Amino acid sequence: MTIPTKYNAIAVEKKWYDYWMKNKYFYSSPDQRESYTIVIPPPNVTGVLHMGHMLNNTIQDVLIRRARMLGYNACWVPGTDHASIATEAKVVAKLKEEGISKSDLTREEFLKHAWDWTHKHGGIILEQLKKLGASCDWNRTKFTMDEDMSESVTNVFIDLYNKGLIYRGYRMVNWDPEAKTTVSDEEVIHVEKKGKLYYLRYAIEGSDDFITIATTRPETILGDTAICINPNDERFKHLRGKKAIVPIANRAIEIIEDEYVDTEFGTGCLKITPAHDPNDKIIGDKHKLEVIDIFNDDATLNAHGLHYQGKDRFVVRKEIIVELEALGNFVKVEDYQNKVGTSERTGAIIEPKVSIQWFLKMKDLAEPALKAVMEDDVNLVPQKFKNTYRHWMENVRDWNISRQLWWGHRIPAFYYGDTHEDFVVAKTVEEAVILVKEKTGKIVSVSDLRQDEDALDTWFSSWLWPISVFDGIRNPENEEINYYYPTRDLVTAPEILFFWVARMIVAGYEYRGEKPFENVYLTGIVRDKLGRKMSKSLGNSPDPIALMEKYGADGVRVGMLLTSPAGNDLPFEEELCEQGRNFTSKIWNAFRLVKGWEVSDKIEQPLYAKQAIKWFDAKLDKVLKDLEKSYEGYRISEALMTTYKFIWDDFSSWYLEMVKPAYQKPIDVETFEQTKINFEKIVKILHPFMPFITEEIWQLLGERSKEEALIISPWPVLEEVEDKLVDAFEFTTGVVSGIRTIRKEKNIANKDALALFVINNEKSNSDFDVIIKKLGNISKLSYVNEKQEGALSFRVNSNEYFIPIGDNINIEEEIEKLENELKYAKGFLNAVQKKLSNERFVNNAPEQVITMERKKEADTIAKITMLDQSLKSLKG
């Protein structure tokens, strides 16, 4: 069998992924084994793979592949989310390019375009995940708008409405004027912006007096319905019971009193605009003020904006100041830094707006979900996010679940009258007809009813994801939901901890009476070397597919995980993928080395090989023990690093060097077979991280049936760790390194055998002497009680080692070299000690500088001692 010199990642990846799919290794159905279930955080249906997806899905695949090897019935459910706002925005933009406006279409016509778009672009991201090696059960792929998923959403809405938890009412909401829909509080990103604070004066009705207010939004004065003062503010007691005139609008509004007003902010007087500020709305409700909405849905001014009607709010802000100045109502302007709410989806500045919407009461629903996390029934990794979670859940507000969109799950409410209260909630319009009769006694027909135009918030479907993918809403006692639920792990981003994770926990307790998952692994954000979040707009996000084509999927997987501890951001550089590819090459070359050995059954197994194998078994057990702890603590990056070092250092750099035969000599069959077994063990523990190259090597190491593929092979069994053996070898590597250092410094060729004398103060394990002799090319190793004259020396802990120089070096030249080194070292020590004896330096220098100087002193004294000793030895 000819093994290629260079590993061909692209060919290997396609070969083995097709093989895994063909043999249904990803497929799962309920059986007698314990389940290990992960549900994928469903990406946007029309999305494409980005670096965040790469990190998240690599971690999920590591967990599911290891679970499969541990004997669990591993089930990883893939799927996509319909993403109402994002998808509708893309469809609207596409139609605009074609000269079509959404407003020119019926709902049915628009939805046809949306479905066409979804069918054309949907699912691309899932195909891209296959290139990464994602071992999902693709037969289970779900879409949040699938018929059964949609029915589950409708059923839950009806159930919660019938329980009195869903209601319809006027509320101040966050309005996205670009998407023309409400967004939830959690979808509003507050950003610091440099703004202006405008001071404006209002005339007092029936007098020559004025009252001055400060506002950041002068365009909203046209919606003012009161001026508010603090009843304890003596400066304005003369204005009690009077009215002020709104500039430009010339409307008289009351001057009211409320302790809400901060006497220290601005002028101590507050303009009240109930339609456009949440705090003003609270005051307005309390004082029964009129609500005047001055904005259209696109944030242009409506008829209440008078001659500014049709103009954008920010255009009006500039123009109205000019008019107010001309009228004498403008006082001054100041720079002002404040936080402005922006839409997470579109980036548009949010407009507070009073609107009739659908809400879900959250306070009581949130309690079991809060308790589950606080009592670690649901384990957040890392735990630092518990406080964030608690704060959100203890201060939870009713969830605005309606969106002014067409793409999504339509709200199952049917109206039969003229008011917003004349409705019934039903699964179908036919059921609604019956419910209207029950509610009102009236007989209506299907044509008399109209369904609510709004769609449900996207999160209202994805909060059911761990249940609905197993049909647990429609059929709560079916075999699959009872077998796979609760799931084991959820891997997601901290920024959707409340959006999605908390709500799934809420739904889990409401509809299953138990948690939806045991562990939540919260990944960090992938950032560039400047610390910026990777994004298309910044142009700092590499194309994951291009990375995989360049470095191989295994190389990219390793690169992503090398520096990604849970909850901490990942500082990503392409060099990490190069490191991953280099690791791939290292493993491939080690495999080629082993397969290239000539094997003989006529040679007895050498003692050094027996000892090497004995050590390797002990080291593997230690690694397996360390890996178990890392996986249990969800320290995936740490598990990779443990595996990486074990293969790069222990296996390739030490084990293979210990057992490999002499140049152009055969290896004994026993050592060769055991080395193949050891290679099989390392590809097993590496498989979750690098599935492709490991399957390739596994299949090339021996004949395998489809039942013996690596992907379903059992994880290595952990035996009792022989710590003494592992520690003894660590000591041995120090001895070998000491010998190699002397060879390098003295230019002694590796082929030249050396003698080694040992003063064994450490009582080191002599079983490893055969290893020292092999790796150090030592012809004679002797234990002595006295220092050896005319020899070079080094220490490992308290043991002293001596190498007689014989004809290997010129003694006179070596003495001269050592004397020069000693002279330099003494001069350097003198300079350091002068610094440390200088009181002024010691008193004023930073502590770390002093520590560094003291270390220099100690290291130099140790070096001088060693040089003195070597010179005495050489001079005899």
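Over the residues of segment 758-818, compute the C-alpha Rg and express it relative to 2.2 N^0.38 Å. Intermediate results must be reported in sequence, preceding the final value.
Values: Rg = 12.8 Å, N = 61, 2.2 N^0.38 = 10.5 Å.
That ratio works out to 1.22.
Step by step: find N for the chain, compute 2.2 N^0.38 Å, then divide the Cα radius of gyration by it. What's the final number? Working shown, then result.
Details: Rg = 37.0 Å, N = 876, 2.2 N^0.38 = 28.9 Å.
Normalised Rg, Cα atoms only: 1.28.
What you get for segment 683-791, charging only the Cβ of Lys and Arg (+1) and of Asp and Glu (-1), is a dipole of about 680 debye around the Cα centre.
Above 29 angstrom, tally the Cα pairs of segment 729-876 and express them as a % of all pairs, no decimals. Write down the numbers at each step before the final one.
Details: 3167 of 10878 pairs.
Here the long-distance tail beyond 29 Å is 29 percent of all Cα pairs in segment 729-876.
Computed over protein heavy atoms with a 1.4 angstrom probe, the accessible surface ordering of 834, 625, largest first, is 834, 625. Which of rounded, prolate or oblate describes segment 246-361 when judged by the alpha-carbon gyration tensor and an a/c cut-off of 1.5? Judged from the Cα gyration tensor, segment 246-361 comes out rounded (a/c under 1.5). Legend: residues 140, 527, 403, sorted from most to least accessible area (1.4 Å probe; ligands, DNA and RNA excluded), read 527, 140, 403.
Ranked from largest to smallest solvent-accessible area, with a 1.4 Å probe on the protein heavy atoms, 655, 25 come out as 25, 655.
Quick check: net charge around residue 455, other residues with Cβ under 12 Å of its Cβ, Lys/Arg +1 and Asp/Glu -1?
Values: positive: 107, 403, 410; negative: 88, 452, 453, 454, 457.
After counting each charged neighbour, the total is -2.
Using alpha carbons only, the radius of gyration of segment 147-305 set against its Kirkwood radius gives Rg/Rh = 1.08. Considering Cα pairs under 8 angstrom that are at least six residues apart, work out the relative contact order of segment 229-362 and quote it in whole percent. Averaging sequence separation for qualifying contacts and normalising by length gives 16 percent for segment 229-362.
Charges at C-beta only: +1 for Lys and Arg, -1 for Asp and Glu. How large is the resulting dipole of the chain about its Cα centre, in Debye rounded to 20? List each step's numbers first, then the result.
Values: 117 positive and 138 negative charges, 425 e Å.
Roughly 2040 debye for the chain.
Give me the net charge for the shell around residue 416: Cβ to Cβ below 11 angstrom, other residues only, Lys and Arg +1, Asp and Glu -1. It works out to a net charge of 0. Taking Lys and Arg as +1 and Asp and Glu as -1, the other residues whose beta-carbon sits under 15 Å from that of residue 188 total -4. Projecting the Cα atoms of 359, 86, 582 onto the charge dipole of the chain, computed from C-beta unit charges around the Cα centre, puts 582 farthest toward the positive end. Measuring spread by the Cα atoms of segment 293-391 yields a radius of gyration and Dmax of 22.1, 65 Å. Compute the separation of the alpha-carbon centres of segment 384-421 and segment 179-215 and state it in Å as a whole number. Going from one Cα centre to the other spans 27 Å. A simple spin-label model places pseudo-atoms 7 Å from Cα toward Cβ; at residue 784 and residue 538 they are separated by 6.3 nm.
The Cα center of segment 77-134 and the Cα center of segment 260-282 differ in position by 42 Å. Just so you know, the Cα atoms of segment 1-153 work out to an Rg and Dmax of 19.3, 68 Å.
Dividing the mean sequence gap of close Cα pairs (under 8 Å, 6+ apart) by how many residues the chain holds gives a relative contact order of 12 percent. Rounded to the nearest Hz, the phi-derived 3J(HN,Hα) couplings of segment 141-146 under the Karplus curve 6.51 cos²θ - 1.76 cosθ + 1.60 (θ = phi - 60°) are 3, 10, 10, 4, 9, 4, where x marks glycine and proline.
Projecting the alpha carbon convex hull of segment 615-713 along each direction and taking the average yields 7.0 nm². Evaluated at q = 0.19, 0.21, 0.23, 0.30 Å⁻¹, the base-10 log of the normalised Debye intensity for segment 1-58, with identical point scatterers placed on the Cα atoms, takes the values -1.05, -1.10, -1.12, -1.14.
Counting DSSP beta bridges in the chain, what percent are antiparallel, to the nearest 5? Mind showing how you got there, number by number?
On the way: 64 of 94 bridges.
Within the chain, antiparallel bridges account for around 70 percent of the total.
Model label sites at residue 331 and residue 146, defined 7 Å from Cα along the beta-carbon direction, differ in position by 6.3 nm. The alpha carbon convex hull volume per residue for segment 553-698 rounds to 96 Å³. What residue among 426, 395, 412 has its Cα farthest toward the positive end of the dipole of segment 374-436, where the charges are +1 on Lys, Arg and -1 on Asp, Glu, each on the Cβ? Sorting the options by dipole projection puts first 395. Lysine pair count for segment 380-533 (Cα-Cα distance under 28 Å; residues 8 or more apart in sequence or on different chains): 9.
Descending by average beta-carbon neighbour count within 10 Å, the peptides 61-68, 732-739, 821-828 line up as 61-68, 732-739, 821-828, the highest first.
Taking all pairs of different Cα atoms in segment 528-593, averaging 1/r and flipping that mean, what Kirkwood radius in angstroms comes out? Mind dumping the intermediate values first?
Numbers: mean 1/r = 0.0785 Å⁻¹.
Across segment 528-593, the inverse of the average 1/r is 12.7 Å.
Start at zero, step by 10 Å, and the Cα-Cα distances of segment 280-344 spread as 17, 32, 46, 6 percent across the bins. Magnitude of the charge dipole for segment 419-568, about its Cα centre and with charges confined to Cβ atoms of Lys, Arg (+1) and Asp, Glu (-1), is about 760 debye. By the helix-only formula, in which each DSSP H run with n ≥ 4 contributes -39500 (n - 2.57) and the sum is divided by residues, the chain has a 222 nm mean residue ellipticity of -13500 deg cm²/dmol.
Could you estimate the translational diffusion coefficient of segment 819-876 from the Stokes-Einstein equation, with Rh from the Kirkwood formula over C-alpha pairs, at 20 °C and 1.002 mPa s, in whole µm²/s?
Details: Rh = 12.4 Å.
Here the translational diffusion coefficient equals 173 µm²/s.
With the cut-off at 32 Å, tell me which of the pairs 773/872; 194/311; 602/763 have Cα atoms farther apart than that. Correct reply: 602/763.
Taking all protein chains into account, the per residue accessible area for the chain stands at 46 Å² (1.4 Å probe). Rounded to the nearest whole Hz, the Karplus-based 3J(HN,Hα) values (6.51 cos²θ - 1.76 cosθ + 1.60, θ = phi - 60°) of segment 204-209 follow the sequence 8, 4, x, 8, 8, 6, with x at glycine and proline.
Which entries of 130/550; 586/780; 744/826 show an alpha-carbon separation above 27 angstrom in the structure shown? Those over the limit are 586/780. Residue 409 contributes about 10 Å² of solvent-accessible surface, heavy atoms of the protein only, 1.4 Å probe. Once Rg and the Kirkwood radius are both taken over the C-alpha atoms of segment 444-572, their ratio Rg/Rh works out to 1.13.
Between the DSSP loop rule and a limit of at most 12 other Cβ atoms within 10 Å, which GluC sites (Glu not before Pro) in segment 592-670 are left?
Values: sites: 598, 604, 628, 632, 638, 657, 670; in loops: 598, 604.
For GluC sites (Glu not before Pro) across segment 592-670 that sit outside H, G, I, E and B with at most 12 neighbouring Cβ atoms in 10 Å, the list reads 598, 604.
Using a probe of 1.4 Å, the accessible surface attributed to residue 811 totals some 70 Å² when neighbouring protein chains are kept in position. The Cα center of segment 620-684 and the Cα center of segment 731-802 differ in position by 26 Å.
Could you please state how large a percent of the accessible area of the chain is carbon and sulfur, counting protein chains only and using a 1.4 Å probe? The partial results should precede the final answer.
On the way: 19830 of 40630 Å².
C and S atoms contribute 49 percent here.
The values are calculated or read from the model by the stated rules, or taken from the named source; none is laboratory data. Nothing here was measured: the structure is a model prediction, and the numbers come from that model. Every residue, glycine as well, gets a Cβ built from its backbone with ideal geometry; the counts of neighbours run over all protein chains shown. Note: areas computed on protein heavy atoms with side chains; ligands, DNA, RNA excluded. Shrake-Rupley method; radii C 1.70, N 1.55, O 1.52, S 1.80 Å.
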